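The structure appears right after this line, and notes come after that.
The values are calculated or read from the model by the stated rules, or taken from the named source; none is laboratory data. Source: prediction; values computed, not measured. Note that we place each Cβ from the backbone using ideal geometry, even for glycine, and neighbour counts take in every protein chain shown. Protein only, heavy atoms only, side chains kept; ligands, DNA and RNA dropped before computing areas. Shrake-Rupley method; radii C 1.70, N 1.55, O 1.52, S 1.80 Å.
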Amino acid sequence: MKKYQGTIAAVCSLAIAVTSFNSTAAPKTKPNLHPEDFSGFPDFGYMVSEATYDEKYSDHPVFRLKTDFPSKKPKKKRLPKVLKIDFQKEPMKYLDTVKQYCLEGNTPSWDPYKNNKRDWYHIPWLHPSSSTYPPNGGTEGFHGLIKEAPAGPYQLHNTQTNSYQVYAVTLINEYAGYTMGQMWKDKNNPDPKATDTRFGGGFPVGTVFCKLLFADVQPDDNQVPYLKNPIDWQGYITESWDSPVRSVRHLRLLQMDIMVRDKRAEPWMGWVLGTFAYNGELNDRNCKGKENDTACRFNNLVPLGLQFGDDPEVTENIINAYPYTETKINPNIKESIINTSKDLPPQHLGWGMRLNGPADLNTSSCMSCHTAAQYPQITPLVPPFATVANGFAPTPGAGDKDWMKFFINIAAATSADPRAYSTDFSLQVSMSLENFAEAKKKTEEGYWSVEYGVAEKGVSRGQQESHK
Ligand code: HEC
């Protein structure tokens, strides 16, 4: 059985709120309480002690999960404008439009409570570290950053010899929020049918996910030139990828990932995935006169590309091996479209030059991981041996029949393994249900039959082995 470490952290985060009530003296300042704080979900899994926060970090935010999901599907007129743009004819315009939608009202803080333009939400139950991957994972308490993946030498740039860790935080729009409301109507009994088409579930057209990814590049580190003029956050994160010890460390914005549920993509999968890379070398041009303004610095996110299919027919075993100096485009790949602008720092992309971001492997693709999203997580996200050469050479034998099972096109809300519920391309939903089930096993002192006989793989990015 997997270890569950989240309950203590969960209780702690509740304790922060409760102690404010117990105080007998009248509070000097307005208490930091909001009705949503008692949503029934813990906000985060790891945080400095309250005393340390008060003493050293009181000018930093405390992450508040937002889960006041709408009970009705939002009206048609609220559909994001991006659905009017043709993702094949005008891919960069598509990406720019969804980027503006993601940023509007959410910058500079990425705090959906501060957005007065639109409602955005978080996915609950990402706080504990109950899954086997990543090591010592779960969300931290300043920004809600979840531990994500290691970035080894030369992965980000040809002058980079340091290894970094990547952390991320995702906001989901009101259409996605509606589906999460259906899933978590009863907070003690989530319904995985809400994202599976066999039960009438699935995220509605108009769903948008926006995810910011940060690398723990410290202030005196210049190894990744395009991460100058950074958006710099501090998070309570592990000291290195394998370390269980957390401390407050700096992180710089590296990448933004998006997913859009778009009807026009239904001949492939019904989803358009896209990504942006941060390029701080453009700061003087993009933020003239407001070079230090964080909200403006989000303009330094350059579209990298989008993907609406996984090109299942293309079996060429080629990668842009580390260290690389340019972005290579494979003309045979038709279902990923990559930006050719000089504004984009050199990219390694994914397997066969399918779409993948700086933080991702060059032997997978956005879609190959996300088509596997299901609960319980039976289908692995990446092929075995994907990380064997650590990005420095193609995986021997990649492209054979077994490998190509990871590069498929499947319809939205359809599970790649019929024994599991589809979580409709959302791996956060898959993780949240797994975390919930693990915690429930502890409190109910029992097990779930649904997890037996299916050899669960968990949500692993397949990089653990490569770092040993
Ligand atoms: C190696 C597997 C892998 C690859 C490759 C990958 N992802 Fe993910 N992605 C994940 C996992 C695991 C999560 C859930 C944990 C988290 O939030 O980071 C996730 C989360 C996300 C989310 C948040 C919504 C959700 O629950 O799925 C978005 C958006 C996203 N990825 C987009 C992308 C895009 C765009 C790409 C390519 C540029 C990409 N991903 C490549 C594994 C992957």
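Quick one: count up the residues across the stretch 234-256 that are within 16 Å of the ligand (Cβ to nearest atom) and either in a loop (DSSP other than H, G, I, E, B) or closer than 23 Å to P128 by Cβ (or both). Before you say what the answer is, go through the steps one by one.
Start the filter on the stretch 234-256 by keeping residues that are within 16 Å of the ligand (Cβ to nearest atom), which leaves 235, 237-238, 241, 251, 253-256.
Right, trim to either in a loop (DSSP other than H, G, I, E, B) or closer than 23 Å to P128 by Cβ (or both) and you get 235, 237-238, 241, 251.
Adding up the residues that qualify gives 5.
Which is buried (at least 23 other Cβ atoms within 10 Å of the Cβ) and either part of a loop (DSSP other than H, G, I, E, B) or of a type in the set (S, T, N, Q) (or both), of P230, P190, P204?
Result: P230 is the single residue among P230, P190, P204 that is buried (at least 23 other Cβ atoms within 10 Å of the Cβ) and either part of a loop (DSSP other than H, G, I, E, B) or of a type in the set (S, T, N, Q) (or both).
Tell me, please, whether a residue that is free of Cβ contacts under 8 Å to residues at least 60 places away in the same chain, more than 9 Å from the ligand (Cβ to nearest atom) and under 15 Å from A215 (Cα atoms) can be found in the stretch 155-167.
First, pick out the residues of the stretch 155-167 that are free of Cβ contacts under 8 Å to residues at least 60 places away in the same chain: 164.
Narrowing further to those that are more than 9 Å from the ligand (Cβ to nearest atom): 164.
Still in the running and under 15 Å from A215 (Cα atoms): 164.
Looking for residues that are free of Cβ contacts under 8 Å to residues at least 60 places away in the same chain, more than 9 Å from the ligand (Cβ to nearest atom) and under 15 Å from A215 (Cα atoms), one finds at least one in the stretch 155-167, hence yes.
Just to verify a result, which residue in the stretch 369-384, among those that are outside any loop (DSSP other than H, G, I, E, B) and within 15 Å of the chain's Cα centre (by Cα), is nearest to the ligand (Cβ to nearest atom)?
Start the filter on the stretch 369-384 by keeping residues that are outside any loop (DSSP other than H, G, I, E, B), which leaves 369-370, 374-375.
Those still in the list that are within 15 Å of the chain's Cα centre (by Cα) too: 369-370.
Numbers: C369: 3, H370: 6 Å.
Among them, the one singled out is C369.
If you go through the stretch 389-409 one residue at a time, do you hit one that is under 20 Å from Y133 (Cα atoms), in a loop (DSSP other than H, G, I, E, B), hydrophobic (A, V, I, L, M, F, W, C) and more than 20 Å from the chain's Cα centre (by Cα)?
No: the stretch 389-409 contains no residue that is under 20 Å from Y133 (Cα atoms), in a loop (DSSP other than H, G, I, E, B), hydrophobic (A, V, I, L, M, F, W, C) and more than 20 Å from the chain's Cα centre (by Cα).
Can you find even one residue in the stretch 101-114 that is over 30 Å from A265 (Cβ atoms), surrounded by 19 or more Cβ atoms within 10 Å (Cβ to Cβ) and over 17 Å from the mean Cα position of the chain (by Cα)?
Within the stretch 101-114, none of the residues are over 30 Å from A265 (Cβ atoms), surrounded by 19 or more Cβ atoms within 10 Å (Cβ to Cβ) and over 17 Å from the mean Cα position of the chain (by Cα).
Which one of these is open to solvent by 10 Å² or more (accessible area, probe 1.4 Å) and part of a helix (DSSP H, G or I): K442, K457? First the steps, then the outcome.
Numbers: K457 fails: part of a helix (DSSP H, G or I).
Of K442, K457, the one residue that is open to solvent by 10 Å² or more (accessible area, probe 1.4 Å) and part of a helix (DSSP H, G or I) is K442.
Which residue pairs have Cβ atoms closer than 7 Å, lie 6 or more positions apart in sequence or on different chains, and pair a first residue in the stretch 273-284 that is under 11 Å from M256 (Cα atoms) with a second residue that is away from the ligand (no atom under 16 Å from the Cβ)?
Hits for this filter: Y278/Y226; Y278/L227; Y278/N300.
Can you tell me which of (1) basic (K, R); (2) over 23 Å from E148 (Cα atoms); (3) touching a Ser or Thr at 6+ places or on another chain (Cβ under 8 Å) is the one R246 doesn't meet?
Condition not satisfied by R246: (2).
Exactly one condition in (1) assigned to a loop (DSSP other than H, G, I, E, B); (2) touching a strand residue (DSSP E or B) at 6+ places or on another chain (Cβ under 7 Å); (3) open to solvent by less than 20 Å² (accessible area, probe 1.4 Å) is false for Q155; which is it?
(2)
For V388, state whether it is open to solvent by 10 Å² or more (accessible area, probe 1.4 Å), more than 23 Å from P192 (Cα to Cα), within 15 Å of the ligand (Cβ to nearest atom) and among the hydrophobic types (A, V, I, L, M, F, W, C). Spell out how you get there, then give the answer.
Numbers: open to solvent by 10 Å² or more (accessible area, probe 1.4 Å): yes; more than 23 Å from P192 (Cα to Cα): yes; within 15 Å of the ligand (Cβ to nearest atom): yes; among the hydrophobic types (A, V, I, L, M, F, W, C): yes.
Here the answer is yes, as V388 does meet what is asked.
Considering only residues that are among the hydrophobic types (A, V, I, L, M, F, W, C) and open to solvent by less than 10 Å² (accessible area, probe 1.4 Å), which ones fall in the stretch 354-377? Explain how you work it out, then say what you get.
Initially, the stretch 354-377 is screened for residues among the hydrophobic types (A, V, I, L, M, F, W, C), giving 355, 359, 361, 366-367, 369, 372-373.
Result: L355, A359, M367, A372, A373.
If I filter the stretch 233-254 down to residues being aliphatic (A, V, I, L, M) and within 26 Å of S58 (Cβ to Cβ), which single residue comes out as surrounded by the fewest Cβ atoms within 10 Å (Cβ to Cβ)? Walk me through it before giving the result.
Of the residues in the stretch 233-254, the ones aliphatic (A, V, I, L, M) are 237, 245, 248, 251, 253-254.
Then drop every residue that is not within 26 Å of S58 (Cβ to Cβ), which leaves 237, 245, 248, 251, 253.
Values: I237: 23, V245: 8, V248: 17, L251: 27, L253: 24.
Per the criteria, the residue is V245.
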